[in-house]
Amino acid sequence: MTQDWRDSVELTQQQSLVRRSIRDLCAEFGDEYWRERDRTATYPTEFVDALAEDGWLGMLVPEEYGGVGMSTSEAVVMMEEIAASGGGFAGPQSIHGGIYNSVPIVKYADEELKEDLLPRVADGDARIQAFGLTEPNAGSDSTAMETRAERDGDEYVVNGEKVWISRVEDSDYLVLMARTTPREEVEKRTRGISMILVDLDDAYGNGLEIERIPKSASRAVHSYQLYFDDLRVPARNLIGEEGRGFYQVLDGLNEERLVIAAECLGLGEVALERGIEYANEREVFGGPIGANQAVQHPLAEAYADLLAAKKVIYSAADRLDDLERTEAGAEANVAKYLAAEAAFEAADAAVQTHGGFGVAREYDVERYFREARLTRLVPVTQQLALNYLGENVLGLPRSY
């Protein structure tokens, strides 16, 4: 049941429609569904299929290609609701890539690729769930990537490794970032990186091998290490301009970071809701434990932090298109930082409220706690968010 304290920001008519629709859909997937997906590390196929059938994976695809034609201001509502419904961080992460990996194709791909792929994404027949950026020896320093895509006639030949790439086995395509010009041959380290679409069915067994990475958080959404050995990809699958891929990624970074913040927010909200419910129901020494300030205050603090984060997220989503890139980056990084911290504090308070049952799977808050810890690491660490603010807002020297 949605609590009144969650409805704390004014929504547009379009956002309200999204909220109602997503709440109704999520009501079909209860706590036991998500609990079992986590316990068995099983991808929530039924949930994703339901969203795809209703056209939600194409929410950012323009109407001219069969999509819904919505924007980030609606996407933040959608992702918050999925997380807050009980899906936690894994719920929205199961479809995050399927929505946002279409954006660079909308913005940069040639018309032939758009007309072929985007209508299939919009109707759920094709899924672009995987984005290949991170590497074992690069991490947050994306420009240090070593994966190469060398032109050979009408093809690119790809060699290298990627790590922590999510949803690969549940995707039809991978948006791959690779160097088409070696780092030592470019004037700026951000140049010489290109964005290429890989058809995964064609790639398996023909130069691509994948290996799942066991992990403790967001277990329903699998992550992989990818190995490329002379994988050949048609040159027509280049997205945008060769060598400009890093800038194409940056162009959509702020919008996506805001959506991640909304996912953190929803996770914190569901954790807090479960803490409140237990504090009202559990009786010790003749009364509900929620009457004790030692229990009540951490929950109230978590609410205050979540409310602050929510105000920032929705305000930024409404104004993002009117801000220049540095200002938008500041808003997005503040939102992500506040939301991840608030989610962690809410999950921690919920576990503490449950006492020993806080680590019992049946109460779910232990899952929310594991996922909340993850949000402080992905897709960017809290420290890197602060680095951005220190340099670009406070005018401090670059620290990395």
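State the Cα centre-to-centre distance between segment 200-257 and segment 280-358 in whole Å.
Each part's Cα centre sits 33 Å from the other's.
Convert each backbone phi in segment 346-359 into a coupling constant with the Karplus relation 6.51 cos²θ - 1.76 cosθ + 1.60 (shift: θ = phi - 60°), then list the ³J(HN,Hα) values in order as whole Hz, x for Gly and Pro.
Once θ is set to phi - 60°, the couplings for segment 346-359 become 5, 5, 5, 5, 5, 5, 5, 4, 6, x, x, 6, x, 9 Hz.
Once amide H atoms are placed 1.01 Å from N in the peptide plane, what residues at a sequence separation of 5 or more from GLY132, or on another chain, have their amide H within under 5 Å of its amide H?
For GLY132, whose amide H was placed from the backbone, the distant partners under 5 Å are VAL175, LEU176, MET177.
Can you tell me which of GLY266, GLY124, GLY287 moves the most in a GNM of the chain? Springs connect C-alpha atoms under 10 Å apart.
GLY287
Hey, if you put +1 on the Cβ of every Lys and Arg and -1 on every Asp and Glu Cβ in the chain, which of ILE128, ALA308, GLY87 ends up farthest toward the positive end of that dipole?
Result: ALA308.
What dipole magnitude, in Debye to the nearest 20, does the chain give about its Cα centre under +1 on Lys/Arg Cβ and -1 on Asp/Glu Cβ?
1280
Taking the Cα atoms only, what angle lies between the long axis of helix 90-100 and the longest principal axis of the chain, rounded to 10 degrees?
30
Considering the chain as a Gaussian network with a 10 Å cut-off on Cα pairs, which listed residue, LYS310, LYS114, LYS336, attains the greatest mean-square fluctuation?
Comparing LYS310, LYS114, LYS336 in a Gaussian network model of the chain, the most mobile one is LYS114.
Placing +1 on the Cβ of each Lys and Arg and -1 on the Cβ of each Asp and Glu in the chain, which of ALA203, ALA339, SER73 has its Cα farthest towards the positive end of the resulting dipole?
ALA339
How would you order 127-136, 54-63, 210-219 from highest to lowest mean count of nearby Cβ atoms within 10 Å?
The packing order, highest mean first, is 127-136, 54-63, 210-219.
Placing unit charges on C-beta atoms (Lys and Arg positive, Asp and Glu negative, everything else neutral), compute the dipole magnitude of segment 130-244 about its Cα centre in debye, rounded to 20.
560
Count the net charge of all other residues whose Cβ sits under 13 Å from the Cβ of GLY139, scoring Lys and Arg as +1 and Asp and Glu as -1.
Combined, the nearby Lys, Arg, Asp and Glu give -3.
Per DSSP H run of at least 4 residues, take -39500 (n - 2.57); add these up for the chain, divide by its residues and hand me the 222 nm value, nearest 500 deg cm²/dmol.
The helix-only estimate for the chain comes to -15500 deg cm²/dmol at 222 nm.
In Å³ and rounded to a whole number, note down the convex hull volume per residue for the Cα atoms of segment 302-400.
Here the figure is 109 Å³ per residue.
Counting other C-beta atoms within 10 Å, which of TRP5, TRP164 has the fewest, and how do the rest follow?
Final ranking by Cβ density, sparse to dense: TRP5, TRP164.
Which Cα, out of SER399, THR180, CYS26, lies furthest along the positive dipole direction of the chain (beta carbon charges, K/R +1, D/E -1)?
Selected residue: SER399.
Using the Cα gyration tensor of segment 127-204, with a ≥ b ≥ c the square roots of its eigenvalues, what is the shape: rounded (a/c below 1.5), prolate (a/b larger than b/c) or oblate (neither)?
Oblate.
If you fit an axis through the alpha-carbon atoms of helix 365-375 and take the longest principal axis of the Cα set of the chain, what angle between them do you get, 0 to 90°, nearest 10?
40
Just need the relative contact order of the chain here, percent rounded to a whole number, with Cα pairs under 8 Å and 6+ apart.
For the chain, the relative contact order is 16 percent.
Could you please tell me the mean projected area of the C-alpha convex hull for the chain, averaged over all directions and given in square nanometres to one decimal?
With every direction weighted equally, the projected area is 19.9 nm².
Non-local amide H neighbours of ARG127 (under 5 Å, H modeled in plane, Pro and chain starts lacking H): which ones?
ASP172, TYR173
On a 0 to 90° scale, report how tilted helix 382-392 is relative to the longest principal axis of the chain, with both axes built from alpha carbons and the result rounded to the nearest 10.
70
Take the alpha carbon gyration tensor of segment 267-324, find the square roots of its eigenvalues, order them as a ≥ b ≥ c, and report rounded if a/c is under 1.5; if not, report prolate when a/b exceeds b/c, else oblate.
Here segment 267-324 falls in the prolate category.
Can you list the HN-Hα couplings for segment 306-320, worked out from phi with the Karplus curve (6.51, -1.76, 1.60; θ = phi - 60°), rounded to whole Hz and with x for Gly and Pro?
Going residue by residue, I get 5, 4, 4, 4, 5, 4, 5, 4, 6, 5, 5, 4, 6, 10, 4 Hz, with x marking Gly and Pro.
Determine ³J(HN,Hα), in whole Hz, for all residues of segment 123-139 in sequence, where each value follows from phi through the Karplus function 6.51 cos²θ - 1.76 cosθ + 1.60 and θ = phi - 60°; x replaces Gly and Pro.
9, x, 7, 10, 10, 10, 8, 10, 10, x, 10, 5, 10, x, 9, 10, x
So how strong a dipole does segment 4-122 carry about its Cα centre when Lys and Arg Cβ are +1 and Asp and Glu Cβ are -1, to the nearest 20 debye?
With only Lys, Arg, Asp and Glu charged at Cβ, the dipole is about 320 debye.
With a 10 Å cut-off between alpha carbons and a GNM built on the chain, which of ARG367, ARG274, ARG183 moves the most?
Of ARG367, ARG274, ARG183, the Gaussian network model singles out ARG183 as fluctuating most.
Binning at 5 angstrom from zero up to the longest distance, how are the C-alpha pair distances of segment 4-122 distributed in percent?
In order of increasing distance, the bins hold 2, 11, 21, 22, 17, 14, 8, 4, 1, 0 percent.
Bear in mind these aren't lab numbers, they're just calculated from the coordinates by the rules spelled out. Since we're looking at a predicted model, the values are computed, not measured. Neighbour counts run over all protein chains shown; Cβ positions are idealised from the backbone, glycine included.
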